[in-house]
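What follows is a single structure, written as structure tokens, with notes after it.
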Amino acid sequence: MKTSITAKNMVVTPGITNRITKKTATMSRYLKADTELFVRLRKERNQRICEITVPMDGGVTLRSESASEDNLFMAIDSALAKLERQILRHHKKLDKRLREDANLNDTPEFIEDPTVYGEGEKEIVRRKTYPMRPMSAEDAALQMELLGHSFFVFVNQDTNLVNVLYLRKDGNLGLMEPEY
């Protein structure tokens with residue numbers, strides 16, 4: 001397993017590199033040997049943020065992100081716990097992409113409360129339909145604000161494709177545009 005570490009607005013010391021390498025090495029019990037983990041560290045204001053991305057076979061990407069105030073090691077541990085929780089929660093769906101001999105019934109390494117990941121399948125409890133008309137991204141942003149939602153699905157009048165406008169954690173808006 002290969003781990004790539006990048007940082008923004010901070011210096012990655014050998015101690016941080018060793019800690020990340022040591023911690024991510026335990027994920028090898030779930031992931032194949034040729035799997036690559038991308039660890040991105042960044043500092044924003046007084047937050048230390050760790051983001052871990054694992055691209056896997058078949059187009060599946062696992063991603064976890066965690067932030068901690070002034071403690072990078074807590075953010076790293078929390079991001080690894082989230083990643084492990086994702087693997088354990090979706091192990092039936094991911095079993096072809098995980099290591100063949102991965103024993104998912106072992107005690108989790110990073111999750112403090114192992115009963116949390118066994119919540120079961122989520123079900124759709126409500127369906128909603130609404131008419132879609134082509135609109136600009138600016139109109140969609142206004143409509144989303146008027147509705148008080150954190151996301152809005154619309155047909156972009158410029159491309160005639162379905163787009164998703166969403167509210168980011170930093171308060172700005174993001175636009176997802178499909179690529180065929």
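Some observations on this one:
- Here the 3J(HN,Hα) profile of the stretch 50-55, calculated from phi with Karplus coefficients 6.51, -1.76 and 1.60 at θ = phi - 60°, is 10, 10, 10, 10, 10, x Hz, Gly and Pro shown as x.
- The length gained on full extension between Lys8 and Phe38, counted as 0.36 nm times the residue separation minus their Cα-Cα distance, comes to 9.4 nm.
- Put simply, the amide H of Thr35, placed in the peptide plane, has neighbours under 5 Å in Lys2, leaving out anything fewer than 5 places away on its chain.
- Model label points for Glu69 and Ile124, set 7 angstrom from Cα along the Cα-to-Cβ axis, are 4.1 nm apart.
- Distance from the Cα centroid of the stretch 51-77 to that of the stretch 3-28 is 11 Å (rounded to whole angstrom).
- Whole-Hz Karplus values for the stretch 63-79 come out as 8, 9, 9, 8, 10, 8, 7, 6, 9, 5, 5, 5, 5, 5, 4, 5, 5 Hz, taken residue by residue from phi with 6.51 cos²θ - 1.76 cosθ + 1.60 and θ = phi - 60°; glycine and proline positions read x.
- Size of the stretch 134-176: Rg and Dmax of its alpha carbons, in Å, are 9.7, 28.
Bear in mind that the values in this text are calculations on the coordinates, not laboratory data. Source: prediction; values computed, not measured. Neighbour counts are summed over all protein chains in view; Cβ atoms, including those assigned to glycine, are modelled from backbone coordinates with ideal geometry.
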